Amino acid sequence: MNSFVQPLVIDSNIGVWSIVNGPYLEPKAIREWFSQQATIVVPGLWVYEVTSVVYRYGRQKAVDARQALAIILDTPDEIIHPDSALAIAAHDWAERLGQAKAYDAFYLALAEQLGAEFWTGDKRLYNRARQVGADFVRFVSEASTGGG
């Protein structure tokens with residue numbers, strides 16, 4: 001990762017919506033938004049999440065899921081594989097958020113570790129994170145209103 005470029009953490013929703021229609025922005029708008037933003041960084045679990053979603057979507061729709069997946073997987077500039085410090089931070093975030101599982105918390109932990117914004121397409125996660133003081137968490141629809 002280029003140390004002079006501000007990192008930006010995105011969740012799997014935003015990655016998938018960069019190819020398939022999502023509820024907030026057209027795929028083209030998301031790709032344009034990416035090109036105007038900083039370095040895109042994701043935790044390693046992002047790869048598993050987008051693969052699972054695209055696989056399921058490809059089975060339901062007549063799309064070339066493999067091609068879509070290849071494009072999505074090319075989105076991040078850097079994939080950070082969790083170490084013990086990130087796992088412990090994710091554990092702490094899951095606890096603060098009151099979550100039953102720690103998957104989403106890895107995104108917050110990574111963004112916090114990098115001093116980056118975390119952009120999500122999960123409204124409940126966004127709302128809960130903001131409630132507990134995570135002001136670095138942004139919701140995808142903010143990208144269309146000049147946020148970020």
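The values are calculated or read from the model by the stated rules, or taken from the named source; none is laboratory data. Computed from a prediction, not measured in an experiment: that's the story for all the values here. Neighbour counts are summed over all protein chains in view; Cβ atoms, including those assigned to glycine, are modelled from backbone coordinates with ideal geometry.
Does the stretch 66-109 hold any residues that are at pLDDT 95 or above, buried (at least 16 other Cβ atoms within 10 Å of the Cβ), aliphatic (A, V, I, L, M) and in a helix (DSSP H, G or I), and which are they?
Leu86, Ala89, Ala90, Ala94, Leu97, Ala105, Leu108, Ala109
Give me a count of the residues in the stretch 110-148 that are assigned to a loop (DSSP other than H, G, I, E, B) and either under 13 Å from the mean Cα position of the chain (by Cα) or at pLDDT 95 or above (or both).
Adding up the residues that qualify gives 9.
Okay, residues lined up against (1) farther than 18 Å from Trp17 by Cβ; (2) of a type outside the set (Phe, Trp, Tyr):
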site: Val47; (1), (2): no, yes
site: Thr51; (1), (2): no, yes
site: Lys61; (1), (2): no, yes
site: Ala68; (1), (2): no, yes
site: Ala85; (1), (2): yes, yes
site: Leu97; (1), (2): yes, yes
site: Ala105; (1), (2): yes, yes
site: Trp119; (1), (2): no, no
site: Ala129; (1), (2): yes, yes
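Counting just the residues of the stretch 50-65 that are charged (D, E, K, R) and in a helix (DSSP H, G or I), which one comes out nearest to Ser12 (Cα to Cα)?
The extreme case among them is Arg56.
Filter the stretch 78-119 down to the residues that are without any contact (Cβ under 8 Å) to a residue 40 or more places away in the chain and charged (D, E, K, R), then identify the one that is nearest to Gly133 (Cα to Cα).
That would be Arg96.
Residue check, Gly44 against (1) out of contact with any strand residue (DSSP E or B) (no Cβ under 7 Å at 6 or more places or on another chain); (2) under 14 Å from Asp11 (Cβ atoms); (3) surrounded by fewer than 20 Cβ atoms within 10 Å (Cβ to Cβ); (4) among the small types (Gly, Ala, Ser), all met but one. Which one?
Answer for Gly44: the failing condition is (1).
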